[in-house]
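Report on the structure given below.
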Amino acid sequence: MDLVGACKAFVNVSDRGSFTLGAAAARIPQPVASRRIAALEKHLGARLFDRSTRRATLTQFGRDMLPSARRLVRLAEEVEHDAERAMLRPLRLAVPDTCSTRDLALLSAQARQEGMHLETRTASPSARAELLGTREVRAALACVPPDEAAWSVPLGLAGAGEPGTEVIHLETLRPPRDRPAARGRRVWLQPEDDVPHVRDRLTRLRDSVGLRPTQVTVAATLASAAAEVLVSDDLLLCSSRQAEELGLYWRTLGGLRLARGYDVVADTGDEAERLRTLMASAIARCLGARDGVETVR
C-alpha cells in the first residue's frame, strides 16, 4: 500500500469534509481517493470516516489518527523538497586549464541532459588536488599514470618550424661539439605535464642522452612555454591537438611513449562513477582524447 498517498487523501478529505473536494485537492480522481482511504482503514484496522452521513465526518479513531497522518504528509513533502534542492546543487568539477571554453560549455550542456548541474573550475594538477582536499569542488580530473587512467592523451614534441622528420629524438638536441657554450635547444613542459609519470621519465631520458639539465624546463604557464617556442627553435611537449591550436608542427618523441593520464576522483564513489560513465565522451573531448578513451602502452 502507498501509505503516504493514502494519508494525503485522508488529510485532504478530512480538511474539506468531502471525498470529491478532498480528491480534487489531492489531484487524484474521487474513486482513487476512496480506494486509498479504504486501504488505509484496512491497514490500520478501523474506520476513519463515518459513512452514515453525506459529509465526510471523522470517526473518533479518525480524529485520533489525523495528527500522525499530517506529520507523515508534511515529512514526505519535506523529503521531496530536499530532493529537488539536492538535484539542483551544482556538482563542481576541477578540470585541466588546457580545456577550451567551448569544450567545457559542451561538457556542462551534456551534463544538464543527464540531470546534472555541472560547474567547472580550471586549475593545474596540484591545484585540482588541493581544491578537492579543501572541498571547494566535489570532483576533479586527476593526473594518473596512463595504465591506471580512464582517459589518456599521447604527447609529442612541437615546434614553430617544419622538423623534416616524423620522429624527434632528444639526442638531436645536444649542443654542437664545436660550440660547447651554446645553450642547446630546449624542451618546454607546461604545468599540466609537471607530474612524475611525465616529467621524471622525460628528465631520465634527457640525462641518458647527454642533454644539459636546463634543456628540459617547466614553464609557469602554457602561454609562456608557447611563446618561447614561437620565437626560437625550442620545442613544446604537448598533445597533437594543442599543437594544432598553437599553429605548431607536432611529431612523436623517439625512444619514449609519454601520455597524460586522467581519472575522476570525487567525494563519493557514485559521483565519480556517474561522471566516468555518463560523461565519458564529453570529458574525452575536453582533454583532447579525440577518439574517446585512448590507451598508451
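With respect to (1) in a helix (DSSP H, G or I); (2) out of contact with any helix residue (DSSP H, G or I) (no Cβ under 6 Å at 6 or more places or on another chain), the lone exception for V13 is condition (2). Those helices (runs of 4 or more DSSP H) of region 193-255 in which 1 or more residues are of a type in the set (V, I, T) occupy 196-208, 222-230. The combined condition, being surrounded by fewer than 16 Cβ atoms within 10 Å (Cβ to Cβ) and polar (S, T, N, Q), is not fulfilled by S240.
Scanning region 243-282 for residues that are among the aromatic types (F, W, Y) and either exposed (fewer than 14 other Cβ atoms within 10 Å of the Cβ) or within 15 Å of C99 (Cβ to Cβ) (or both) turns up just one, Y262.
Can you confirm whether region 169-190 contains a residue that is over 30 Å from A280 (Cβ atoms) and of a type in the set (F, W, Y)? Within region 169-190 (the criterion being over 30 Å from A280 (Cβ atoms) and of a type in the set (F, W, Y)), the answer is yes, since at least one residue qualifies. Within region 7-62, the set of residues being out of contact with any strand residue (DSSP E or B) (no Cβ under 8 Å at 6 or more places or on another chain) and either outside the structural domain of V73 (by TED's automatic domain parsing) or polar (S, T, N, Q) (or both) comprises N12, S18, T20, Q30, S34, S52, T53, Q60.
The residue of region 54-105 that is surrounded by the most Cβ atoms within 10 Å (Cβ to Cβ), among those that are over 28 Å from the mean Cα position of the chain (by Cα), assigned to a helix (DSSP H, G or I) and among the charged types (D, E, K, R), is R70.
Residues that are of a type in the set (K, R), free of Cβ contacts under 8 Å to residues at least 40 places away in the same chain and touching a strand residue (DSSP E or B) at 6+ places or on another chain (Cβ under 8 Å) occur at least once in region 115-134.
Considering only region 283-293, I want to know if a residue exists there that is buried (at least 20 other Cβ atoms within 10 Å of the Cβ), within 19 Å of E114 (Cα to Cα) and among the aliphatic types (A, V, I, L, M). Yes, region 283-293 contains a residue that is buried (at least 20 other Cβ atoms within 10 Å of the Cβ), within 19 Å of E114 (Cα to Cα) and among the aliphatic types (A, V, I, L, M).
The values are calculated or read from the model by the stated rules, or taken from the named source; none is laboratory data. Here the structure is a predicted model, which is why all the values come from computation and not from measurement. For neighbour counting, all protein chains shown are included, and Cβ atoms are generated from backbone atoms with ideal geometry for every residue, glycine included.
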